[in-house]
1. Select from the stretch 174-192 the residues that are in contact with a helix residue (DSSP H, G or I) (Cβ under 6 Å, 6 or more places away or on another chain) and under 16 Å from residue 107 (Cβ atoms) and list them in ascending order.
2. Within the stretch 286-312, track down each residue that is within 15 Å of ligand 1 (Cβ to nearest atom) and closer than 20 Å to residue 239 by Cβ.
3. Take the residues of the stretch 137-156 that are touching a Leu at 6+ places or on another chain (Cβ under 9 Å) and of a type in the set (A, V, I, L, M): which is modelled with the lowest pLDDT?
4. What are the pairs with Cβ atoms under 8 angstrom where one residue, in the stretch 433-453, is more than 24 Å from residue 177 (Cβ to Cβ) and of a type outside the set (S, T, N, Q) and the other, located anywhere, is at pLDDT 95 or above and within 14 Å of ligand 1 (Cβ to nearest atom)? Sequence gap at least six, or different chains.
5. Mind counting the residues in the stretch 168-182 that are surrounded by fewer than 21 Cβ atoms within 10 Å (Cβ to Cβ) and out of contact with any Ser or Thr (no Cβ under 8 Å at 6 or more places or on another chain)?
6. What residue, of 320, 333, is closer than 30 Å to residue 213 by Cα, surrounded by fewer than 24 Cβ atoms within 10 Å (Cβ to Cβ) and touching a helix residue (DSSP H, G or I) at 6+ places or on another chain (Cβ under 8 Å)?
7. Quick one: what pairs do we get from the stretch 35-46, first residue without any contact (Cβ under 8 Å) to a residue 24 or more places away in the chain, second surrounded by fewer than 13 Cβ atoms within 10 Å (Cβ to Cβ), C-beta under 9 Å, 6+ apart or different chains?
8. When only residues in the stretch 503-552 that are of a type in the set (Val, Ile, Thr) and either assigned to a strand (DSSP E or B) or within 19 Å of the chain's Cα centre (by Cα) (or both) count, which is farthest from ligand 1 (Cβ to nearest atom)?
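The values are calculated or read from the model by the stated rules, or taken from the named source; none is laboratory data. Because the structure is a prediction, the values reported are computed rather than measured. Cβ placement follows ideal geometry from the backbone for every residue including glycine, while neighbour counts extend to all protein chains displayed.
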Amino acid sequence: MNAFTRTIVITGLLLLCCLLTEQVPINGSSLLSFEDEWNYKVPTNEVPLLNESQRNLLLPFYSFVNDLKVEGIGENATNSTRHFPTSRDAKLAGDIIRTKVPCNVCNLGVGLLYAEVKSGVSMEEIKAKFVSICVSFKIESFSVCSGIFDTYGPEVVPVMELMTIGPPEVCKLIFGEICKSSDVASHEWTVDLPTIPKPNRTESTLPKVGMPVFKVLQISDTHYDLDYVEGAVTNCEEPLCCRTYSTLRSGEEPLPAGRWGSYEKCDAPKALLENMLQNIAFQHPDIDYILWTGDLPPHDIWNQTKQKNLKVIEDTIAMVVKAFPNTPIFPAVGNHESSPAGNFAPHWMTDPDHSVSWLYQKIGASWSGWLPKNTEETIHHGAFYSVLLRPGFRLISVNTNYCHSLSWWLLVNSTDPASELKWLIAELQKAESNSEKVHIIGHIAPGSSDCMKTWSSNFYNIVNRYEHTIKALFYGHSHADEFEVFYEATDFSSRATAVAYLAPSVTSFTNYNPAFRIYYVDGDHENTTREVLEHETWTFDLDTANLPGNEPNWFKSYSATDEFQLNSLRPNEWNNLIERMIQDDELFHRFYRNYYRHSPTAPPCDSKCKLQILCDLKSAKSHTKHQLCHELETAFQM
Ligand SMILES: [Zn+2]
Ligand SMILES: [Zn+2]
């Protein structure tokens, strides 16, 4: 059972077990109102934060500075004792597993246990039962099982108290389209789009060679592990390894953690982050601004605390500021920033024991060095903001944790948390009226299975309504190097309207080579499109770097137009790439090697895996894959 599956199963068990508990009152819950009094029509930031772009666009920008000497996935691995994942272990297999197991398990368990809710079992008994099941089924070790309960129990129990839906609805909201039951009516909602008609479509021309561009760095999913210890076991029983207490998987020889990280379940050591930041600052002294798309703390979700997370956030920000003291940085908040991970109680949960304002206050203060003072209001309200980069060019950072299906409080009420989407529409409408172009950043991409269906569907409609204004979207969270295409209708044959870039993670968790992304964005000139004109991905080979005396050799792995023979980075070109990959296995496997940054431990990818990945690329709207991939499957078999 891989880490992803285990996490899901644990989550399910926790959910089930908590249904047995006595109901715990929440301070002031009798006064709970889901109405948001906040006036989302906040004043717009109108002072440009960036200097004029200077660099000149030359396509193609560079030839490869250092070509990658990897023929195929897994071929450069030298350690025969290494754990090689099978296709079953593939991250992308998560969706497949999710489609087969958890809904049944969830429905059955919740259904059986729901009947016992009234029996008044104590918290201690529940914990003992949970830990017993968790350990005896070898889901996790005693300490992890116990820690999971201690971390998540105090959140999940009061959620259950407030919920007005039953077990099938709970499972449907968490697992989405995998559960065949109908959508949960009380969680279906729509944010109104303005009655102002959508402008007519006009095709702008791409900039000529030699036009100025902005050079933009995106770093995502750093997952800095303060407890990473070189030499600790990488092949451990726990969900996160490479720590002093990591327990060796039974029957295996210990594999020591390298200085720079591991392909196993290990996050980023300090040495890796410092080395990467120094290298970026040295190799790319001409970066205009940085997009930082979240997930700073590590994956030790069973023993996280607010204090530990704040320490990681503080330390990571200090490292980034040290490397880029004078570069504008635009962050977005990841699901791991909260504690317990994923807990982003909406605005109506004001009880300090559950509210996430402790995090918003902290990041508000930490981000204040990069953002204008008047972003404080939206950051403190919901960790989102809108800033003007240049005249006519805006950046909006959204908090996508408000669509995270494992953000438990959304089970009580998931309607536009913090009025974020209403605010987003207001910002986009102002941008459209002012003829501004917008880039959107966030953490969880809207097509992710982790993003609840209704929020995702509303967001999809917003992007389509403002397709002339939104020129690109930037996310992380999946750790893979991928993208998502939006379509005019939820139909693969309709026109592609937008593209979201899912940047590769810095952490190697799991089976990835660490990476960062550079974009070239149309700069300051007459008729600028503000489109992304090129992107390139930088990485290094972890195996080689971990050899005695070596250091990471960061190199440009590929640039998008060269690697995939794209005429531009417009949405239709990305859609064409998907279409070409359906027929062209070699092209797909090139994409797949980049997906894992040529990691030697990348799982093999068979035709089912290929179909799943192509489906993900086509699905910027979550939980519509069942319908959409059926169409793709037909094309796939042609
Ligand atoms: Zn992450
Ligand atoms: Zn994440």
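1. Selection gives 175, 176, 177, 178, 179, 181, 184.
2. The answer is 294, 295, 296, 297, 298, 299, 300, 301, 304, 309, 312.
3. 139
4. 441/293; 441/332; 441/475
5. Selection size over the stretch 168-182: 3.
6. Matching residue, one of 320, 333: 320.
7. Cβ pairs passing all conditions: none.
8. Let us first name the residues in the stretch 503-552 that are of a type in the set (Val, Ile, Thr), namely 506-507, 510, 518, 521, 528-529, 532, 537, 539, 544.
Cutting the leftovers down to either assigned to a strand (DSSP E or B) or within 19 Å of the chain's Cα centre (by Cα) (or both) gives us 506-507, 510, 518, 521, 532, 537, 539.
Details: 506: 9, 507: 7, 510: 11, 518: 20, 521: 24, 532: 22, 537: 17, 539: 17 Å.
Per the criteria, the residue is 521.
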